[in-house]
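Q: Before anything else, here's the structure in question.
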Amino acid sequence: MSSIIFIDLILHKTKAYRHLLYNVVNQESANVQHLLWKLVLAYLLLDTYRSLLLRRTNDGSNVSMSFLFESLEVLVNVLSANFAFVFSFAFAAKLMLVMPRGKEILLTILISSYVKIFLFAMPVWEFPVSVIFIVDMLVLTSNAVALKVMTESATSRCLAVCFIAHSIRFLVDQISGHLGSVM
């Protein structure tokens with residue numbers, strides 16, 4: 001992928017998303033299942049890294065926990081939040097959009113979450129924790145643009161679907177994070 005397309009993706013240009021989602025992904029349509037599993041794994045790893053960055057800022061919360069228990073808690077938190085995201089996204093999209101292709105829409109959401117890669121720069125450049133939430137907003141808007149390209153729906157509907165799903169994901173993440181700190 002050329003650097004111009006990558007810059008256009010960061011700027012949320014629909015032509016760049018259309019090129020990526022229709023030309024590049026359709027060329028690998030024979031390996032969609034394989035690509036989907038790779039993207040799910042990368043998405044979950046980046047989300048786990050995000051949770052660990054947030055937990056590191058609250059490191060005084062529960063120091064006596066063992067490493068294994070803490071790792072298991074983070075994994076359960078990430079999986080439950082992402083399950084809530086996928087479920088709420090599917091439900092909101094079913095109500096608000098015409099979705100002809102479910103697997104391709106999931107692939108679109110995973111690909112358009114590429115912005116999470118910027119989380120790796122946080123410890124290197126010592127960014128404040130608020131940058132995590134800025135990255136979350138960039139992921140939300142990137143998901144909305146990609147969804148608009150794939151469904152050809154109105155921008156407001158796509159943004160509403162993504163906002164609902166990301167809000168529920170955030171709430172589940174907060175609830176499961178607080179329940180884990182109580183235990």
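The values are calculated or read from the model by the stated rules, or taken from the named source; none is laboratory data. What you are looking at is a predicted structure, and each value in this text was computed from that prediction instead of being measured. Virtual Cβ from ideal backbone geometry, glycine too; neighbours counted across all protein chains shown. Accessible surface is based on the protein model in full, side chains and every heavy atom, while ligands, DNA and RNA are left aside. Shrake-Rupley method; radii C 1.70, N 1.55, O 1.52, S 1.80 Å.
Q: Given N residues in segment 92-183, what is its alpha carbon radius of gyration divided by 2.2 N^0.38 Å?
A: Computed over Cα atoms of segment 92-183, the ratio equals 1.23.
Q: In vacuum, with every alpha carbon of segment 1-180 counted as one equal point scatterer, what does the Debye formula give for log10 I(q)/I(0) at q = 0.13, 0.14, 0.17 Å⁻¹? Two decimals, please.
A: -0.69, -0.80, -1.13
Q: Explain nothing, just compute: Karplus ³J(HN,Hα) = 6.51 cos²θ - 1.76 cosθ + 1.60, θ = phi - 60°, for every residue of segment 72-88 in order, whole Hz, x for Gly and Pro.
A: Ordered by residue, 3J(HN,Hα) equals 5, 4, 5, 5, 5, 4, 5, 5, 5, 5, 6, 4, 4, 4, 5, 5, 5 Hz.
Q: Spin-label point model (7 Å from Cα, Cβ direction): what's the Gln174 to Lys15 distance in nm?
A: Using points 7 Å along Cα→Cβ, the separation is 4.0 nm.
Q: Same structure, new question: Work out from phi, with θ = phi - 60° and the Karplus expression 6.51 cos²θ - 1.76 cosθ + 1.60, the ³J(HN,Hα) of each residue of segment 125-141, listed in order in whole Hz, and give x for Gly and Pro.
A: 9, 6, 6, x, 4, 4, 5, 4, 6, 5, 4, 4, 5, 5, 5, 4, 5
Q: Hey, if we sort Arg18, Arg169 by accessible area with the 1.4 Å probe, largest down, what's the order?
A: If we order Arg18, Arg169 from most to least accessible, we get Arg18, Arg169.
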